[in-house]
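Below is one structure, written out as structure tokens, with a few remarks after it.
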Amino acid sequence: MKINSIKVFGERHSGTNAIGYFASKNFNLKYQHFDFLGWKHRLAPKKDEWSKFDVQSCLFVFCMRNPYSWIQAMHKEPYYDHYPKIKDLSLENFVKFSIEDYENCISMWNQKNDSYFRMSEEVPNSIILNVEDFHSDQNKFHAKIADLLNIKDLPINKMNDYVNGRGLHENKDITSSLAVPKFDKRLIEIINGSLSREIMKKCNYKLLI
């Protein structure tokens, strides 16, 4: 069956807007929203849920981001309206703070990314993409989609601007935002205490020491 739509999953601040926008801009694919397997930042649905949908004609893209730079971005804007004072927490207290149904944001990063790897192996058409790789080489991602769609010699329409979580364009230094921060030793130990080594390896990220 021909692929005619795209569904993007990934945690907040993992490039889901930019990557989805890029794919829709370059290929004739319908962008699937909430009515197709729900919120893009959710845990990936299990087979007994996604099997009720037309997944044969959909390309699933699962977005990942280095947990250290992701934590910094989440601390700045957690998109968490249940507790507005969360933005007042220090970075260390934010890392230890229970968010949604998770012990802390690191546990959330582990479990959501683990679910994305699981679903990517179950559905017919999927791409796992690190936002850092997309930022450094859009051509590679473009070629992957073109190959799945069996399209040859399609010119790339690169995305040179930033698309934020509210769908707006703004000037931003993405390179510095995606760079691994220089955290102090205590904070690194707290983060690493919850961080899954298995998921880090799958994502091809290195543990800070």
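For the chain, adding -39500 (n - 2.57) for each run of n ≥ 4 DSSP H residues and dividing by the number of residues yields -12000 deg cm²/dmol at 222 nm.
Solvent-accessible surface (1.4 Å probe) assigned to E122 amounts to roughly 70 Å².
Based on the alpha-carbon set only, what is the convex hull volume of the range 54-108 divided per residue, in Å³?
On the way: hull volume 6.3 nm³, N = 55.
Dividing the Cα hull volume of the range 54-108 by its residue count gives 115 Å³.
Using bins of 5 Å that start at zero, the share of Cα-Cα pairs per bin across the chain amounts to 1, 7, 15, 19, 19, 17, 12, 6, 3, 1, 0, in whole %.
Here the contact order of the chain, divided by its residue count and restricted to Cα pairs under 8 Å and six or more residues apart, works out to 26 percent.
Rounded to the nearest 0.05, what FRET efficiency do F34 and D81 give with R0 = 30 Å and r taken as the Cβ-Cβ distance? Could you check? Spell out each step's value before the answer.
Working: r = 17 Å, r/R0 = 0.57.
Plugging the Cβ-Cβ distance into 1/(1 + (r/R0)^6) gives 0.95.
For the set L207, L59, L149, the ranking by accessible area, highest first and with no ligand, DNA or RNA atoms included, is L207, L149, L59 under a 1.4 Å probe.
Counting only heavy atoms of protein chains, what accessible area per residue, in Å², does the chain have with a probe of 1.4 Å?
Numbers: 11330 Å² over 209 residues.
Each residue of the chain exposes 54 Å² on average to a 1.4 Å probe.
The phi-based Karplus calculation (6.51 cos²θ - 1.76 cosθ + 1.60; θ = phi - 60°) puts the 3J(HN,Hα) values of the range 42-50 at 6, 4, 4, x, 7, 4, 5, 9, 5 Hz, whole numbers, x for Gly and Pro. Residue order by solvent-accessible surface for H135, H41 is H135, H41, largest first, with ligands and nucleic acids left out and a 1.4 Å probe. Per atom type, the range 1-122 shows carbon and sulfur on 48% of its accessible surface, probed at 1.4 Å. Positive contributions from Lys and Arg (+1) and negative ones from Asp and Glu (-1), summed over other residues with Cβ under 11 Å from the Cβ of F9, come out at +3. Helix 105-122 axis versus longest C-alpha principal axis of the chain: approximately 20°, rounded to the nearest ten. Seen from I151, the other residues with C-beta closer than 13 Å to its C-beta sum to a net charge of +1, counting Lys and Arg as +1 and Asp and Glu as -1.
Each residue, K47 and K25, gets one label point 7 Å from its Cα in the Cβ direction; the gap between the two is 3.7 nm.
Summing charges over neighbours of L207, with a neighbour being any other residue whose Cβ is under 14 Å away from its Cβ, gives +3 when K and R count +1 and D and E count -1. Between the Cα long axis of helix 67-76 and the first principal axis of the chain there is an angle of about 80°, rounded to the nearest 10. Model label sites at E92 and Q56, defined 7 Å from Cα along the beta-carbon direction, differ in position by 5.6 nm.
The values are calculated or read from the model by the stated rules, or taken from the named source; none is laboratory data. Bear in mind that the values here come from a model prediction, so they are computed numbers and not experimental data. No Cβ is skipped: glycine too gets one built from the backbone with ideal geometry, and neighbour counts run over all protein chains shown. The protein model used for the area step is the full one, side chains on, heavy atoms only, and it has no ligands, DNA or RNA in it. Shrake-Rupley method; radii C 1.70, N 1.55, O 1.52, S 1.80 Å.
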